Amino acid sequence: MHYGKFPALKDISFHVKQGDIFGFIGPNGAGKTTTIKILATLLEPTKGRAFINGKCVVNQPEEVRSMIGYMPDYFGVYRGITVREYLDFFAGAYKIERRRRRKVIRDVMELTDLVQIADRDAASLSKGMKQRLCLGKALINDPRVLILDEPAAGLDPRARVELRDLIKELARMGKTIFISSHILTELSDMCNTVGIIEQGKMLISGDIETIMSQVHPTLRFVIRMGGEPGDVKPLLGEVPGIAQIEQADNTLTVDIDGDEALIGAVVQALVQKGISIMGVEREQRDLESLFLRVTRGRLA
Ligand SMILES: Nc1ncnc2c1ncn2[C@@H]1O[C@H](COP(=O)(O)OP(=O)(O)OP(=O)(O)O)[C@@H](O)[C@H]1O
Ligand SMILES: [Mg+2]
């Protein structure tokens, strides 16, 4: 995808299965919104195609739109219209019959916790309330696929937790969820699959467990040493099971190929050579460490 001459997306390719919660992660300017707008049929790619449930976003945009619920990263709401009227307007746009509309709107408001504020002016809502309203709007047509562009941006911690629970609930209802964020912790206990994008390229994508074992075939430990240890790598030549060592001043990063207990031998060897050990920590195999390994510190 090019904006003029600028290549915003470079041959990205990925697959999201039905029922997945797919976390689309990348720093500012990586190309998340561009990808999402293409999926939501709002932007025609200069090259390439994308399919949602077998329907092409370029050639069958109407069919795609009827299956998706899209929540943009930025949205305004009109003044002088209540929450209920706002949802009713979109229900009308989706041609939901008048008889069914009341129930659909009530269900959506219950799900997104809007009932209490149904008669408030939509423009007067707080950021978090507007986010819920926008999510409610995205749910009006009971979409099979939800595409959410940074839905948690600007929310307070409680609202984030509530949003996460709601998204999980929607996934349990059988919806496929595509959610972008540049905040990893936000996605880590919600997604089962992820894609990491940087400078318009998808660095890695797929099932979290599979990616973890590909990216983390070894166990990584960080050892903090006291004093001025000098270059300690030569001291560890005899220790078995070390896949890789990196040293930055007093911090030693050791990748162990094998059992966790092998780190004991590393520490012992260092101590025997007179190096004092201030701490040993095992790197967690979570989304954050995955992200850091995949992007190799090229990101802020
Ligand atoms: N309409 C446009 N015209 C020209 N360049 C654009 C346009 N929209 C986006 N870009 C550029 O494309 C790149 C990707 O932008 P995009 O908005 O997709 O990133 P993003 O991952 O959503 O970032 P953020 O986390 O800040 O929302 C950026 O370099 C951006 O400047
Ligand atoms: Mg964006």
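Assorted remarks:
- Qualifying positions in segment 1-36 - near ligand 1 (Cβ under 8 Å from one of its atoms) and outside any loop (DSSP other than H, G, I, E, B): Tyr3, Phe6, Lys32, Thr33, Thr34, Thr35, Ile36
- Candidate set from segment 156-212 (those that are in a loop (DSSP other than H, G, I, E, B) and within 16 Å of ligand 1 (Cβ to nearest atom)); member that is surrounded by the most Cβ atoms within 10 Å (Cβ to Cβ): Gly200
- When residues of segment 47-101 are limited to those that are surrounded by fewer than 16 Cβ atoms within 10 Å (Cβ to Cβ) and of a type in the set (Gly, Ala, Ser), the one nearest to Leu139 (Cα to Cα): Ser66
- Cβ separations smaller than 6 Å between residues 6+ apart or across chains give the following pairs from segment 20-47 residues that are closer than 23 Å to Lys175 by Cα to residues that are part of a helix (DSSP H, G or I) and more than 8 Å from ligand 2 (Cβ to nearest atom): Ile21/Ala171; Gly23/Leu187; Thr41/Pro61; Thr41/Val64; Thr41/Arg65.
- Val194 touching a Gly at 6+ places or on another chain (Cβ under 7 Å) and at pLDDT 90 or above: yes
- Close Cβ contacts (under 8 Å, 6 or more residues apart or on different chains) running from residues in segment 136-155 that are under 17 Å from Val83 (Cα atoms) and away from ligand 1 (no atom under 16 Å from the Cβ) to residues that are at pLDDT below 95 and in a loop (DSSP other than H, G, I, E, B) comprise Gly136/Thr112; Gly136/Leu114; Leu139/Thr112; Ile140/Tyr94; Ile140/Ile96; Asn141/Tyr94; Asn141/Ile96.
- Filter pass, Gly29 being surrounded by fewer than 19 Cβ atoms within 10 Å (Cβ to Cβ), within 16 Å of ligand 2 (Cβ to nearest atom) and of a type outside the set (Ser, Thr, Tyr): yes
The values are calculated or read from the model by the stated rules, or taken from the named source; none is laboratory data. Note that this is a predicted model, so its numbers are computed, not measured. For neighbour counting, all protein chains shown are included, and Cβ atoms are generated from backbone atoms with ideal geometry for every residue, glycine included.
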